[in-house]
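Colleague: The structure follows.
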Amino acid sequence: MERELRTEAASTMRTLVCFALKEEAGAFRKIAAGKSDVFILIVGIGRANAERSIREFLTANSPDLVLTCGFAGGLNPDLKIGDVAFDIPIEKQSEPPYVGYCEKLMAAGAKPAKFFCADRIATTVAEKQKVRAATGADVVEMESAAIQAVCAGRNIPCVTVRVISDTAHEDLPLDFNALAKPDKSIDFGKLAWAIARSPGKIGALMALQKKTNFAAGQLAAVLQKIISA
């Protein structure tokens, strides 16, 4: 969690912005730092970590809105690096306050999309194509369904807002699933060994870092607009 929260502070809080990783929140952190009614929660990778983190947070805090944010993989070939997509449940789109959030997001440049919450990172073009064929989804990520479900159970509006960090047309340079610890965080020892075995991947990893930095900036720009609106 980016800042310590206390129960008595809950009455002043309006928006909770969740990210799986601190790197995803990096560009948004400076924006949130000046806003007393915006808080960041780092939930960890995957459904189990996300559910545990949001439940723990909500035992002592009552946000008016939860945004589940971060990086996502493109499944729709039309989505490009840095495109921001959002998902609001169909049954909620015509209800207040979701109508207002749809308008704000679209005005900020975000695109409505169908999301799929996966149990693993889709690392290859073939895997992304398989997921799209099976689900009809435009975007794949790993936490939002769990956060959405917890918020729904508490009648807290929740919107998924994600930025494309790798497209449907590209493989990731490494299979990050194979480099994960049991808690789904990256095992940097395994990562170092994988790079040592395949030093040719260094360029691709550096390119991926540039893409994710750009994507984080694009996401932060959209979030700033909808929170300020």
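The values are calculated or read from the model by the stated rules, or taken from the named source; none is laboratory data. Everything quoted here is computed from the prediction, not taken from an experiment. Cβ placement follows ideal geometry from the backbone for every residue including glycine, while neighbour counts extend to all protein chains displayed.
Colleague: Output the qualifying pairs, or none if there are none: Cβ atoms under 7 angstrom, residues six or more apart or on different chains, first residue in the stretch 197-211 and at negative phi, second residue assigned to a helix (DSSP H, G or I).
Modeller: Going by the 7 Å Cβ cut-off, the qualifying pairs are 201/195; 202/195.
Colleague: Identify, please: which residue in the stretch 45-67 is in contact with a Lys or Arg (Cβ under 8 Å, 6 or more places away or on another chain) and not in a helix (DSSP H, G or I) and is, among those, nearest to residue 131 (Cα to Cα)?
Modeller: Across the stretch 45-67, the extreme among qualifying residues is 46.
Colleague: Identify, by number, the condition in (1) in contact with a Leu (Cβ under 6 Å, 6 or more places away or on another chain); (2) at pLDDT 95 or above that residue 110 doesn't meet.
Modeller: The one condition residue 110 does not meet is (1).
Colleague: Filter the stretch 62-109 down to the residues that are among the β-branched types (Val, Ile, Thr) and in contact with a Pro (Cβ under 6 Å, 6 or more places away or on another chain) and list them by number.
Modeller: Taking the stretch 62-109 as the starting set, the residues that turn out to be among the β-branched types (Val, Ile, Thr) are 66, 68, 81, 84, 88, 90, 99.
Those that are among the β-branched types (Val, Ile, Thr) and in contact with a Pro (Cβ under 6 Å, 6 or more places away or on another chain): none in the stretch 62-109.
Colleague: Sticking with this structure for a sec: If you check 54, 88, 81, which single one turns out to be closer than 23 Å to residue 140 by Cα, in contact with a helix residue (DSSP H, G or I) (Cβ under 7 Å, 6 or more places away or on another chain) and at pLDDT below 95? Steps first, please.
Modeller: Details: 54 fails: at pLDDT below 95; 81 fails: at pLDDT below 95.
When all the criteria are applied, what remains is 88.
Colleague: Now a separate question. Find all pairs meeting these conditions: Cβ atoms under 9 angstrom apart; at least six residues apart or on different chains; first residue within the stretch 171-190 and closer than 27 Å to residue 80 by Cβ and at pLDDT 90 or above; second residue in a strand (DSSP E or B) and not basic (Lys, Arg).
Modeller: Here the result reads 172/73; 172/166; 176/186, each pair linking the stretch 171-190 to a residue that is in a strand (DSSP E or B) and not basic (Lys, Arg).
Colleague: Those residues that are charged (D, E, K, R) and under 18 Å from residue 48 (Cβ atoms), I need them from the stretch 177-207; list them, please.
Modeller: Within the stretch 177-207, the first condition is being charged (D, E, K, R), and the residues that meet it are 181, 183-184, 187, 190, 197, 201.
Passing the criteria: 181, 183, 184, 187.
Colleague: Also, I was wondering about something else. Considering only the stretch 199-229, how many residues are at pLDDT below 90 and among the polar types (S, T, N, Q)?
Modeller: The qualifying residues number 1.
Colleague: Return only the number of the condition from (1) touching a residue at least 40 places away in the same chain (Cβ under 8 Å); (2) outside any helix (DSSP H, G or I); (3) within 22 Å of residue 15 (Cα to Cα); (4) out of contact with any Lys or Arg (no Cβ under 9 Å at 6 or more places or on another chain) that residue 80 does not satisfy.
Modeller: It is condition (3) that residue 80 fails.
Colleague: Can you name every residue in the stretch 87-111 that is touching a Cys at 6+ places or on another chain (Cβ under 7 Å) and not aliphatic (A, V, I, L, M)?
Modeller: 93
Colleague: If a residue has to be touching a Gly at 6+ places or on another chain (Cβ under 9 Å) and within 20 Å of residue 15 (Cβ to Cβ) to count, how many in the stretch 52-77 make the cut?
Modeller: Selection size over the stretch 52-77: 1.
Colleague: Kindly check whether there is at least one residue in the stretch 194-213 that is in a helix (DSSP H, G or I), of a type outside the set (A, V, I, L, M, F, W, C) and under 30 Å from residue 100 (Cα atoms). Give the derivation first.
Modeller: Within the stretch 194-213, the subset in a helix (DSSP H, G or I) is 194-197, 199-213.
Cutting the leftovers down to of a type outside the set (A, V, I, L, M, F, W, C) gives us 197, 199-201, 203, 209-213.
Next cut, under 30 Å from residue 100 (Cα atoms) only: 212-213.
The answer is yes, given that some residue of the stretch 194-213 is in a helix (DSSP H, G or I), of a type outside the set (A, V, I, L, M, F, W, C) and under 30 Å from residue 100 (Cα atoms).
Colleague: So residue 151 clears everything in (1) within 19 Å of residue 49 (Cβ to Cβ); (2) at pLDDT 90 or above; (3) outside any helix (DSSP H, G or I) except one condition, right? Which one?
Modeller: Every condition holds for residue 151 apart from (3).
Colleague: Any idea which residue in the stretch 87-119 is nearest to the chain's Cα centre (by Cα), counting only those that are surrounded by 13 or more Cβ atoms within 10 Å (Cβ to Cβ) and hydroxyl-bearing (Ser, Thr, Tyr)?
Modeller: Within the stretch 87-119, the match that is nearest to the chain's Cα centre (by Cα) is 101.
Colleague: Further question: Checking residue 64 against (1) over 22 Å from residue 101 (Cβ atoms); (2) among the acidic types (Asp, Glu); (3) surrounded by fewer than 17 Cβ atoms within 10 Å (Cβ to Cβ), which single condition isn't satisfied?
Modeller: Condition not satisfied by residue 64: (1).
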